[in-house]
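The block underneath contains the structure these notes are about, expressed in structure tokens.
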Amino acid sequence: MTKTTPVRCPYAQDPTVRPDPCADYLPWRTDAPVRRDELLGVWVVTGFAEVSRLLMSPALSSAWPAQGATELHLSGPDREGRARTSDTVRRWFMFRNGTGHATLRRLMAPLFTPERISRLRPYVEAVVDELLAARSTDDVLDVMTGLAVPLSSRVICHILGLPETVAPRLHGWAQDIAALLIADYLPQVVVRGDTALREIEDVIAQVLDGGEARETSSLGVLRRAVRDGLIDQADVPATASLLVYAGYETTSTFIGKAVRALFHSGTWHSLTTRSPSSVVEELLRFDTSVQQVARVATEPVAVGGHCIEAGELVLLMLGAANRDASVFPEPDDLSTERGIRRHLAFGQGPHYCLGAGLARLETEVVLAALAARWPSARLAAPPATRPHNGVTVLESLKIRGEPC
């Protein structure tokens, strides 16, 4: 087997790559794994052990949209005491605790079991083949617009039980919801986010009223749960919008990041000697799509020599924790031979990402298909990113096939 050489994070090395894709989290790493950011008025946790512990701690609540605010949210007139994001987002089960979280997660979990994900593989492979065949006469592919975005949007529509005609709308919706989660102190972000959520609710209502949703789809499961009195009607569009955001946006982003990292680090060739499944775990550690999660303390909790008081907001920096040198030797090196067994890309504990298996499946299928099509390839143009109300969007990633 050809041995690959670990390559240091290309974004930290190459000043010509702008904007720096890793700048979202690498500067947060300091000698202190837990520190108080006085400017934002939040605790920032970057150490792997500390993040892992707090993800499991019953003293921290995931219901930060209802309870947590930074100084940016508290500044200005009439801001104090105002709930974050929107009523719909606050109903997402990832932002709830206790029975509300457990009931909805239990309803959705069967849709993401290893068996169900395995049964999705032929569908995912067929969509990838179709998307690549559409560019059979072109040796340049935009991984984002030509593959990651249409693939992930169609897959999540399939799981939700939405018609494929809705798929092109997911991209805009997800970006506006992502901005709402970060920059809801900006009025224009709230307007766009609320509009996206309302449009999703309208589409859901049309599908359910028309009887189009399969009983085995997530909408079918939610509809049955409402009839059985297990959940409220408002939980249906809320859960659907969560799946649009978490199931589509984070997966399509990671597919792009995975391909970008392999090309920038010069390790694309490793896909010809290693299975995509073994490579994906290192890519998830190296540059995952979810860089941080928030929690709010419900009681005092001691960590890293500090005491976080009840009511304080905590940012758990997953991306920085995955670069902790005490856990991962040479953490800024991308090594497809690392054989990684544990990382925090999907969180940990009771809120571990339900869609982890789906993200892995889609990325593995994409990498396998691209490597088979273009075992030798290069970037056709620098990756194009753009800021979107606090969110860095990977907009374009063009690669060119080369003769073997």
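Here, each number is a calculation from the coordinates, and none is a lab measurement. Keep in mind it's a predicted model, so treat the numbers as computed, not measured. Cβ placement follows ideal geometry from the backbone for every residue including glycine, while neighbour counts extend to all protein chains displayed.
Hey, in the GNM for the chain with a 10 angstrom Cα cutoff, which one of 382, 33, 237 fluctuates hardest? Maximum among the listed residues: 382. With one equal scatterer per alpha carbon and no solvent term, the Debye-computed log10 I(q)/I(0) for region 147-298 at 0.10, 0.11 1/Å reads -0.45, -0.53.
GNM on the chain, alpha-carbon springs under 10 angstrom: the most fluctuating residue among 303, 236, 51 is 303.
Multiplying the residue separation of residue 59 and residue 234 by 0.36 nm and subtracting their alpha-carbon distance yields 60.2 nm. Extent of region 7-401 along its three principal axes (Cα atoms, max minus min coordinate, largest first): 57, 56, 38 Å. The relative contact order of the chain comes to 27 percent, based on Cα pairs under 8 Å that sit 6 or more residues apart. Which is the longest stretch in the chain that no exposed loop site breaks, taking sites as GluC sites (Glu not before Pro) with a DSSP loop state and at most 12 other Cβ atoms within 10 Å? The answer is 81-214. In this label model, residue 341 and residue 40 are separated by 3.3 nm, measuring between points 7 Å along each Cα→Cβ vector.
Among 264, 269, the ranking by other beta carbons within 10 Å of each residue's beta carbon, starting with the fewest, stands as 269, 264.
Applied to region 221-227, the Karplus parametrisation 6.51 cos²θ - 1.76 cosθ + 1.60 on θ = phi - 60° returns per-residue 3J(HN,Hα) values of 5, 5, 4, 5, 5, 5, 4 Hz, with x for Gly and Pro. Comparing 213, 368, 134 in a Gaussian network model of the chain, where Cα atoms under 10 Å apart are tied by springs, the biggest mean-square fluctuation is seen for 134.
Cα centroids of region 97-114 and region 35-60: 25 Å apart.
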